[in-house]
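Working notes, structure below.
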Amino acid sequence: MPPDQGYVYILANGYKRLYTGLTTSLAQRIREHKERVHPESFTARYNIDQLVYYECYESISRAIAREKEIKALLRVKKIQLIVSLNPTWQDLSLEWGQLIEPFDESKLRPPVTF
């Protein structure tokens, strides 16, 4: 990852309360939200830890500008942004860090020949 790369992200909780943030390390920052590293923070107090939207930028200055744009949006516009790419509001980080089952060739069917 280039050191100047940045991510803008939106988190939600089950009641669709939203939080917009900025980071240079998305996986690490989302893990911090989920582990409530800062227990007095807004996201920890309202259990906001589901990653529902994010954007990646090659420049941290562009990411900062985009974060300001998103924070200035009306709530309805933020919801439209989320739904445009994640209509079911699934937590995009749920499977991060999970082990991937090795590919098992024995479960493949033999090719059909004619």
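In this structure, does Ser25 turn out to be more than 21 Å from Ile60 (Cβ to Cβ) and of a type in the set (Ser, Thr, Tyr)? Answer is no for this residue.
For the range 29-49, state whether one or more residues are under 17 Å from Trp96 (Cα atoms), polar (S, T, N, Q) and surrounded by 12 or more Cβ atoms within 10 Å (Cβ to Cβ). No, that holds for no residue. When Tyr54, Tyr19, Tyr15 are checked against the criterion of being out of contact with any Gly (no Cβ under 8 Å at 6 or more places or on another chain) and farther than 18 Å from Lys68 by Cβ, Tyr15 stands alone in meeting it. Evaluated against (1) out of contact with any Phe, Trp or Tyr (no Cβ under 8 Å at 6 or more places or on another chain); (2) touching a residue at least 24 places away in the same chain (Cβ under 8 Å); (3) farther than 24 Å from Glu95 by Cα, Asn47 falls short on exactly one condition, (3).
Among the residues of the range 6-18, is there at least one that is in contact with a Cys (Cβ under 8 Å, 6 or more places away or on another chain) and of a type outside the set (A, V, I, L, M)? Yes; the residues of the range 6-18 include at least one that is in contact with a Cys (Cβ under 8 Å, 6 or more places away or on another chain) and of a type outside the set (A, V, I, L, M).
Just to be sure I understand, how many residues within the range 1-28 are among the aliphatic types (A, V, I, L, M) and exposed (fewer than 15 other Cβ atoms within 10 Å of the Cβ)? Number of matching residues: 2.
Since every read-out is calculated from the coordinates, none of them should be taken as a lab result. Just so we're clear, the structure is a prediction, and the values are computed from it rather than from any experiment. For neighbour counting, all protein chains shown are included, and Cβ atoms are generated from backbone atoms with ideal geometry for every residue, glycine included.
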